[in-house]
Amino acid sequence: MQTVAVIDYGMGNLHSAAKALEHVAPEGMKVLITSDSKVIHNADRVVLPGVGAIRDCMAEIRRLGVDEMVKDVVKNKPLLGICVGMQVLLAHSEENSGVECMGLLPGNVRYFGRDLHEDGEHLKVPHMGWSRVAQSDHPLWNDIEDGSRFYFVHSYYAQCEDRSLVAGTCQYGVRLDAALTRDNLFAVQFHPEKSAACGLKLLGNFLRWNP
């Protein structure tokens, strides 16, 4: 039986993500919410969720050794980062007066600011709701129309220094990186588990992805 490990470090919407994964999992695949290093290392695929302040997330990630675990498992199995689970993969975040992150991807997480405008319209922060994502070519977008809407909730956004690693972008006052990828890693700023049919399709693609 194949397994998908959803890493539990106390800072993610674990059950919502797990339920969505179970909904699209191929027959014979089991979804496990776990903090057990052995279970995570033995899983066929790994999901790193995250919500809340990045300082608290990184504190728990380091306390539990999740950072070293993620760096190890991503060498040989698919890993999906979701929301703050994407931001922690970058080098640094401006949130909480500056936080050093894992550094698996080159770039920074920046604050939208309090005076965000687009086409003369004032935009609310956090960015909360449905926004279109422009895709690059990647298997996780299979059968998802370019420009499809996904559900976002965030006040900080990713900017990757290596543009070849950007798998999706979104416009919200600034052009933000909505999806990043490298080798076995794929990470998204939006919440696929809250993004209706397109989000479920992306999760299903992840469960069938063989990089």
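Each reported figure results from applying straightforward, stated rules to the coordinates on display, with no laboratory input. In this text the structure is predicted, and so the values were computed from the model without any measurement. Every residue, glycine among them, receives a Cβ derived from its backbone with ideal geometry; neighbour counts consider all protein chains shown.
List of remarks:
- With respect to the stated conditions, ASP119 fails to be surrounded by 15 or more Cβ atoms within 10 Å (Cβ to Cβ) and out of contact with any Gly (no Cβ under 8 Å at 6 or more places or on another chain).
- Restricted to strands (runs of 3 or more DSSP E) entirely inside the stretch 58-158, those with at least 3 residues that are more than 13 Å from ALA179 (Cβ to Cβ) are 107-111, 116-118, 121-123, 127-132, 149-154.
- Any hit, the stretch 42-53, residues being buried (at least 22 other Cβ atoms within 10 Å of the Cβ), under 18 Å from the mean Cα position of the chain (by Cα) and over 26 Å from CYS198 (Cβ atoms): no
- For the stretch 12-39, residues that are assigned to a helix (DSSP H, G or I), touching a residue at least 60 places away in the same chain (Cβ under 8 Å) and within 18 Å of MET86 (Cβ to Cβ) total 4.
- Among residues of the stretch 40-54 that are on the phi > 0 side of the Ramachandran plot and in contact (Cβ under 8 Å) with a residue 40 or more places away in the chain, those with a beta-carbon under 7 Å from a residue that is surrounded by 24 or more Cβ atoms within 10 Å (Cβ to Cβ) and not in a strand (DSSP E or B) at least six positions away or on a different chain give the pairs GLY52/VAL84.
- Single residue of VAL88, VAL99 found to be in contact with a Lys or Arg (Cβ under 6 Å, 6 or more places away or on another chain) and of a type outside the set (S, T, N, Q): VAL99
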